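These notes concern the structure reproduced below.
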């Protein structure tokens, strides 16, 4: 039997998925060490969910290879499934079961013994703060409670790798913060490896050791979020308006103190060493380029700025 030979929990090389002429995931390479949190970001339709589906054995790759917890997702899918937990973008729970029953049935499917199931269920219900609701039917649960129950179900079998597809979608800030706390605790206490997709930049910044941005099925940039943000410059000047944005961007790029320039859809982002000190000259350059400014602001760069730099569009555009 094949076993783990290094500290990588997820490893993909040239991973590709095609639907006819459509390439949903295009030669994706991933290396995710044990005990880390990896956030996969991208616009809708970029290939995030397709990637998760291949890594969790739900969808066979068209070409390329992937190993999860040391096992090949195509050749050894049963071994992979024994070692992973998954929560999906859409909530998938039997509304007529109680929370306790959801966890118990899941444990049975994986062959867990009765005493082991009972102990694990008690532990997880405490973790996700559902002890008082454990014997209520799921149809009485709020959206946040259902998300937390799904997280508990994904952890029921003590997985080595947990895949989370939009784990906090639709949650209010309080419930999002709770889920973040659970994930941090799991990584530190159990050495769990997590791969999550998210539309929330603050979530990725708060949780991830490494961020990968995927667009048109390709991984366009990868690295620690703080490093990716630092590459934008000390400050970012956001300029929105009408006119020749390309000429404006080109003129700004020639300035010695400018560290990065991105231009898209009437918006120009200028990474500089000192935003407040450079703002006046940037505005002057806009005027000389025939770019009429409608809004301008200075801010510290964020992961959202990195996303825009590498995808050239707003997060939820297709």
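Tabulated data
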quantity	calculated
Within region 1-33, tally of residues that are at pLDDT below 95 and in contact with a strand residue (DSSP E or B) (Cβ under 8 Å, 6 or more places away or on another chain)	3
Residue in region 98-105 that is out of contact with any strand residue (DSSP E or B) (no Cβ under 7 Å at 6 or more places or on another chain) and loosely packed, with under 14 Cβ neighbours inside 10 Å present	no
Selection status of residue 228, touching a strand residue (DSSP E or B) at 6+ places or on another chain (Cβ under 6 Å) and surrounded by 16 or more Cβ atoms within 10 Å (Cβ to Cβ)	no
Tally, over region 103-129, of residues that are assigned to a loop (DSSP other than H, G, I, E, B) and within 17 Å of residue 190 (Cα to Cα)	1
Top-ranked residue of region 124-164 - restricted to ones that are surrounded by 14 or more Cβ atoms within 10 Å (Cβ to Cβ) and out of contact with any helix residue (DSSP H, G or I) (no Cβ under 8 Å at 6 or more places or on another chain), ranked as nearest to residue 95 (Cα to Cα)	137
Lone qualifier among 282, 214, 293 - being surrounded by 15 or more Cβ atoms within 10 Å (Cβ to Cβ) and either in the same structural domain as residue 21 (by TED's automatic domain parsing) or at positive phi (or both)	214
Unique match (being under 30 Å from the mean Cα position of the chain (by Cα) and either modelled with pLDDT of 90 or more or under 19 Å from residue 301 (Cα atoms) (or both)) among 246, 185, 206, 286	206
Among (1) out of contact with any strand residue (DSSP E or B) (no Cβ under 8 Å at 6 or more places or on another chain); (2) over 24 Å from residue 84 (Cα atoms) - the single one residue 168 does not satisfy	(2)
Hey, residue 270 crowded, with 19+ Cβ neighbours inside 10 Å, touching a helix residue (DSSP H, G or I) at 6+ places or on another chain (Cβ under 6 Å) and touching a residue at least 12 places away in the same chain (Cβ under 8 Å) or not	yes
Among (1) touching a helix residue (DSSP H, G or I) at 6+ places or on another chain (Cβ under 9 Å); (2) closer than 30 Å to residue 27 by Cα, the one test that residue 311 misses	(1)
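The values are calculated or read from the model by the stated rules, or taken from the named source; none is laboratory data. What you see is a predicted model, and the numbers here were worked out from it, not measured in a lab. Quick reminder, even Gly has a Cβ in these numbers, built from the backbone with ideal geometry, and neighbours come from all protein chains shown.
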